[in-house]
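**Student:** Sharing a structure, written as structure tokens. Questions coming.
Please treat every number below as a calculation from the coordinates, not as lab data. Just so we're clear, the structure is a prediction, and the values are computed from it rather than from any experiment. Here the Cβ is made from the backbone with ideal geometry for all residues, glycine too, and neighbour counts use every protein chain on show.
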2 protein chains.
Amino acid sequence: MRSYGQYCSIARSLDVIGDRWTLLIARELLLQGACRFTDLKKGLPGIATNLLSTRLKELEEAGLITREEAPPPIATTLYTLSETGRTLEPVLKALGLWGLRFMADERPDDAFQARWLAYAPEWFTTDADPDAPPAVIQLVAADEAAVVELGNGRVRTRVGRATDPDLVLEGPPRAVLGLVNGLIDLEGARRIGLTATGRTDLLKRLRPHGDGTGCSS
Amino acid sequence: MRSYGQYCSIARSLDVIGDRWTLLIARELLLQGACRFTDLKKGLPGIATNLLSTRLKELEEAGLITREEAPPPIATTLYTLSETGRTLEPVLKALGLWGLRFMADERPDDAFQARWLAYAPEWFTTDADPDAPPAVIQLVAADEAAVVELGNGRVRTRVGRATDPDLVLEGPPRAVLGLVNGLIDLEGARRIGLTATGRTDLLKRLRPHGDGTGCSS
DNA sequence: CCGGATCCCCAGGGATACTG
DNA sequence: CAGTATCCCTGGGGATCCGG
């Protein structure tokens with residue numbers, strides 16, 4: 001990208017990661033770990049292959065990712081965030097937290113993936129009752145499933161299904177994520193199609209890092 | 001900007017503020033407060049006027065800035081960050097902190113302004129000895145001057161000159177800012193042209209929010 | 001199937017001139 | 001001062017093709 005030519009750390013950040021798609025590539029690598037070219041392509045619906053290729057080169061030059069030629073049985077090149085690349089996590093978290101305010105807007109054609117369902121609770125909520133016994137919440141939205149595990153004062157998430165969840169939240173993405181992130185309350189979420197089965201009291205434990213934008217009724 | 005079309009809060013953030021120059025406009029409005037068109041243009045060396053105009057419209061539509069027609073004696077339109085716009089501060093701070101690692105690179109042609117000298121200590125350092133008496137550090141780099149005021153456990157900065165500073169740091173931008181932000185130590189800063197006059201012990205009070213990138217000798 | 005490279009086209013950005 | 005208008009050019013989107 002063309003440099004802004006400003007001796008300012010924000011501008012210099014953007015010189016490196018301000019290009020289109022760059023931060024989303026970092027998101028995928030941070031969420032997925034080592035990725036093949038095709039894995040990245042799948043995780044970035046809409047990206048052109050030439051762009052992905054170009055960005056990967058640029059990111060490697062900038063020292064943010066490393067490419068390694070994996071031997072058989074993988075027999076392909078793997079892309080990984082470098083130590084420096086992983087320091088982008090706070091940047092992605094800040095952006096992600098700020099962007100929550102737009103998650104209420106309905107845009108039916110948006111792509112949606114289980115990983116994006118998963119990272120939000122882990123990054124943007126806290127267990128409000130850290131001493132309470134462990135609990136498991138199953139999220140299901142648009143055929144994508146993720147599991148939220150509460151316990152030991154932590155909120156952990158993973159893609160997939162749990163065997164015996166204490167609570168199942170199912171519905172359109174903006175209902176599930178809107179509820180979990182405190183943009184809407186349970187009643188509001190139900191009104192746009194959420195089904196909550198099980199211990200809905202667990203929702204009180206999930207405290208969003210809200211910034212005052214949310215909880216309309 | 002063209003939407004990424006992903007239901008992910010990072011992607012939705014970038015849909016709004018991912019365009020070129022957008023975040024730097026927010027930086028200026030955050031640092032300067034209400035601005036005229038020309039003020040922004042001066043604070044954003046290199047921006048084309050049509051782009052600035054376009055971005056201001058987009059930002060207004062997104063609800064991040066408000067334009068107000070000021071009556072005489074100002075008699076012009078003023079741009080201000082809205083309440084929502086001000087919530088970008090954590091995003092800018094995260095980016096600015098991450099970008100510090102690139103401030104060591106020398107790029108002599110980069111533009112430089114006093115405001116960019118000023119915000120870095122306020123955002124990225126802490127008073128390591130909050131109970132110590134107040135102190136004033138004068139920063140001077142490339143003819144731009146800023147004042148750092150330590151006191152009451154806070155680090156405050158402003159553009160301009162102090163009457164009787166306890167310490168004066170003068171030299172090329174990357175020497176002054178590199179030292180203040182912990183990228184280099186005093187010795188290293190002197191080696192690239194820093195002059196430190198006064199109580200250099202105050203530097204110990206200025207604790208950078210470093211992330212392990214710095215302090216090469 | 002994977003990992004790209006190539007080509008064409010268009011939108012967005014850059015520089016500058018011009019106007020109320 | 002506060003933009004608008006214009007022209008040019010680069011970078012991104014989309015499809016296709018190609019070697020391993």
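**Student:** For region A:114-217, max minus min Cα coordinate along each principal axis, in Å, sorted largest first?
**Tutor:** Taking max minus min along each principal axis of the Cα atoms, region A:114-217 gives 31, 30, 23 Å.
**Student:** Just to be sure I understand the model, the point goes 7 Å from the Cα along the line to the Cβ. What's the resulting B:Lys57 to A:Ser53 distance in nm?
**Tutor:** 3.7
**Student:** What nm distance separates the two modelled labels at B:Ile192 and A:Asp131, each placed 7 Å from Cα along Cα→Cβ?
**Tutor:** 5.1
**Student:** If you filter region A:1-79 for trypsin sites (Lys or Arg not before Pro), then keep DSSP loop positions with at most 11 other Cβ within 10 Å, what is left?
**Tutor:** Working: sites: A:Arg2, A:Arg12, A:Arg20, A:Arg27, A:Arg36, A:Lys41, A:Lys42, A:Arg55, A:Lys57, A:Arg67; in loops: A:Arg2, A:Arg20, A:Arg36.
Passing sites in region A:1-79 are A:Arg2.
**Student:** Would you mind checking the radius of gyration and Dmax of region B:1-54 based on alpha-carbon positions, in Å?
**Tutor:** Computed over the Cα atoms of region B:1-54, radius of gyration and Dmax are 12.9, 37 Å.
**Student:** Roughly speaking, what is the centre-to-centre gap between region A:98-154 and region B:5-73 when only Cα atoms are used, to the nearest Å?
**Tutor:** Centre-to-centre distance over Cα atoms comes out at 31 Å.
**Student:** Can you give the average number of partner chain beta-carbon atoms within 10 Å of each beta-carbon in peptide B:71-79, as a whole number? Provide the component values of the computation, followed by the final result.
**Tutor:** Numbers: counts 0, 0, 0, 0, 0, 0, 0, 0, 0.
Going residue by residue through B:71-79 and averaging, the value is 0.
**Student:** I want to verify a result. In a Gaussian network model of chain B, Cα cutoff 10 Å, which of these has the top mean-square fluctuation: B:Arg199, B:Arg174, B:Arg115?
**Tutor:** Highest fluctuation among the options: B:Arg199.
**Student:** Closest to the B-onto-A rotation axis, which residue of chain B has its Cβ, and how many Å off the axis is it?
**Tutor:** B:Ala94, 2
**Student:** Which of A:Ser82, A:Ser53, A:Ser13 moves the most in a Gaussian network model of chain A with Cα springs under 10 Å?
**Tutor:** A:Ser13
**Student:** Here is a follow-up. What length, rounded to one decimal in nm, is gained on full extension from A:Thr77 through to A:Thr163, with 0.36 nm per residue of separation minus their alpha-carbon distance?
**Tutor:** Result for the pair: 27.5 nm of gain on full extension.
**Student:** Let me ask another. Can you give me the Rg/Rh ratio for region B:1-112, using Cα atoms for both radii and the Kirkwood formula for Rh? Could the numbers behind the result be given before it?
**Tutor:** Working: Rg = 15.1 Å, Rh = 15.3 Å.
For region B:1-112, the value is 0.99.
**Student:** I'd like the Kirkwood hydrodynamic radius of the protein assembly as shown, using the inverse of the mean 1/r over distinct C-alpha pairs, in Å.
**Tutor:** Every distinct Cα pair counted, the radius reaches 23.7 Å.
**Student:** Further, regarding this structure: List, shortest first and in nm to one decimal, how far the label point of A:His209 (7 Å from Cα along Cα→Cβ) is from its counterparts in the other copies.
**Tutor:** 1.2
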